[in-house]
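Novice: The following block contains the structure, expressed as structure tokens.
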Amino acid sequence: MAAPLELFCWKGDYGLPSVDIDCLTVLAYAKFAGAPLKVHKITNPWRSPTGTLPALKTREEGSISQPSKIIIHLRKQKYNADYDLSAKEGADTLAFVSLLEEKLLPALVYTLWIDSKNYVDVTRGWYAENIPFPLNFLLPNRMHSQQLEKLRLVRGDAVLEPGEQLEKELYRDAFECMTLLSQRLGSQKFFFGDSPSSLDAYVFAHLAPLLKIKLPNGKLQQHLNSLNNLQQYCSNILELYFPSDAREAPGHKIHVQPQSGDFDNEPHKRRNQILSVLFAVGAMLGYAIFTGIVKIKRERPQLNNSSHDDEDEEDED
């Protein structure tokens with residue numbers, strides 16, 4: 001019997017099977033297509049075979065990253081959630097997925113990773129609590145930088161900086177996108193009738209975090225909550241396909257950052273933070289040397305001046 005496909009993804013929380021949009025996309029598609037995956041829900045990307053999440057470990061093609069490539073592989077294995085779609089519905093799927101990536105995804109990146117209040121109090125707090133030490137001191141900030149670069153790439157502006165005008169433009173596009181999705185869904189159970197497709201996987205993955213994660217600045221959430229059919233749509237998918245996750249939705253406290261005066265009351269806190277960061281840097285350097293990312297060149301000791309001159313000449317060549 002062939003070994004099952006193994007999926008590595010970020011763990012779930014807030015009543016979601018995963019807190020990551022890309023991981024949610026793959027998890028939802030696999031459920032809709034009936035793919036028998038062995039799922040590893042982790043909080044350390046370095047435990048993934050690709051060093052990123054999500055990642056699908058296969059026998060035929062090695063390990064695969066990126067939701068679109070993972071979905072293509074699952075289709076090759078006869079797990080196709082779009083099998084019954086017409087040519088027009090297939091074209092609509094491509095159009096709406098592009099709309100999500102161009103209009104809604106940038107606003108999601110902004111509200112979760114760039115908005116200072118949401119990032120500090122919720123996003124960074126969650127990853128810092130769940131990523132194992134010492135990586136929890138480094139990875140959240142690194143992920144923040146990656147998300148900012150993603151936003152710059154989508155917007156086509158290499159020097160893009162957060163600000164009120166940018167937020168206004170992103171949220172305007174996102175509101176229009178969600179309203180259009182609501183109109184397209186109407187009173188249907190799924191976007192193409194009674195059976196879910198890849199479009200439902202993408203839409204669910206982009207909307208469910210907004211529905212379940214409570215954010216201090218919740219402009220996108222407020223608009224989603226005003227669209228009752230989309231709200232019910234996400235809740236139905238959670239209850240039908242992820243019932244155990246939907247039932248486990250504990251309340252989360254917002255992580256309020258301490259005022260500067262707190263350091264005076266805890267004189268050892270800053271020292272511990274510095275030591276932790278130094279330890280983390282040492283651990284990452286050791287990992288880089290161990291895996292061959294960084295190599296140490298060893299040279300023989302110099303015996304005499306003539307040999308030293310010969311070596312200098314060889315270096316020049």
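The values are calculated or read from the model by the stated rules, or taken from the named source; none is laboratory data. As the structure is a computational prediction, the values presented were derived from the model and not from experiment. Heads up, the Cβs are rebuilt from the backbone with ideal geometry, glycines too, and the neighbour counts pull from every protein chain shown. For the accessible areas, the whole protein counts, side chains as well, though only heavy atoms, and no ligand, DNA or RNA atoms are used. Shrake-Rupley method; radii C 1.70, N 1.55, O 1.52, S 1.80 Å.
Novice: Please find, within segment 3-61, the residue that is least open to solvent (accessible area, probe 1.4 Å) out of those that are free of Cβ contacts under 8 Å to residues at least 40 places away in the same chain, in contact with a Leu (Cβ under 7 Å, 6 or more places away or on another chain) and part of a loop (DSSP other than H, G, I, E, B).
Specialist: Step by step, filter segment 3-61, then rank; the result is S18.
Novice: Tally time: how many residues in segment 76-100 are within 23 Å of D22 (Cβ to Cβ) and in contact (Cβ under 8 Å) with a residue 12 or more places away in the chain?
Specialist: Final tally of qualifying residues: 12.
Novice: Also, quick follow-up: Restricting segment 226-247 to residues that are over 21 Å from the mean Cα position of the chain (by Cα) and at pLDDT below 95, which is most open to solvent (accessible area, probe 1.4 Å)?
Specialist: Here the residue is R247.
Novice: How many of the residues in segment 69-94 are assigned to a helix (DSSP H, G or I) and open to solvent by less than 60 Å² (accessible area, probe 1.4 Å)?
Specialist: Counting residues in segment 69-94 that are assigned to a helix (DSSP H, G or I) and open to solvent by less than 60 Å² (accessible area, probe 1.4 Å) gives 9.
Novice: Consider only pairs whose beta carbons are under 6 Å apart and that are at least six residues apart or on different chains; among these, list those whose first residue lies in segment 185-204 and is more than 14 Å from A30 (Cα to Cα) and whose second residue is open to solvent by 10 Å² or more (accessible area, probe 1.4 Å) and modelled with pLDDT of 95 or more.
Specialist: If the second residue must be open to solvent by 10 Å² or more (accessible area, probe 1.4 Å) and modelled with pLDDT of 95 or more, the pairs left are L185/N229; F190/P196; F192/E89.
Novice: A208 passes all but one of (1) touching a Lys or Arg at 6+ places or on another chain (Cβ under 9 Å); (2) outside any loop (DSSP other than H, G, I, E, B); (3) touching a residue at least 60 places away in the same chain (Cβ under 8 Å); (4) not aromatic (F, W, Y); which number fails?
Specialist: Exception for A208: condition (1).
Novice: Taking the stated definitions as given, is D194 acidic (D, E) and touching a strand residue (DSSP E or B) at 6+ places or on another chain (Cβ under 7 Å)?
Specialist: Considered against the rule, which asks whether it is acidic (D, E) and touching a strand residue (DSSP E or B) at 6+ places or on another chain (Cβ under 7 Å), D194 comes out as no.
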